[in-house]
Amino acid sequence: MQAANADRIKDLTDVAGVRENQLIGFGLVVGLNGTGDGEISFTNQSLRSMLSRFGVNIQDVRSNLSSIALNSITARSERY
């Protein structure tokens, strides 16, 4: 059996009106069993902000960030 080769049309052409969009995502990963960010202030601030937006009263809460990590994701997409 011979392998098939294919090219995508968008890789061979330029389409009028196409532009690239940069996408940025930001989030918290929890449950890391002690392998998180620790006491990094940016992670602490992000966690408190997220909980506050969900309506959780965090005024007197002490956070242990050893199992929480901050993450960011970037990507590029084309829009037609």
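The values are calculated or read from the model by the stated rules, or taken from the named source; none is laboratory data. Just so we're clear, the structure is a prediction, and the values are computed from it rather than from any experiment. Heads up, the Cβs are rebuilt from the backbone with ideal geometry, glycines too, and the neighbour counts pull from every protein chain shown. What goes into the accessible areas is simple: the full protein's heavy atoms, side chains included, and nothing from ligands, DNA or RNA. Shrake-Rupley method; radii C 1.70, N 1.55, O 1.52, S 1.80 Å.
Details
- Residue pairs meeting the criteria (Cβ under 6 Å; at least 6 apart or on separate chains; first surrounded by 10 or more Cβ atoms within 10 Å (Cβ to Cβ), in the stretch 8-21; second modelled with pLDDT of 75 or more): none
- Members of the stretch 47-65 that are among the polar types (S, T, N, Q) and either open to solvent by 70 Å² or more (accessible area, probe 1.4 Å) or at pLDDT below 80 (or both): 57, 59, 63, 64
- Residue 68 vs. criteria open to solvent by less than 70 Å² (accessible area, probe 1.4 Å), modelled with pLDDT under 80 and more than 30 Å from residue 20 (Cα to Cα): no
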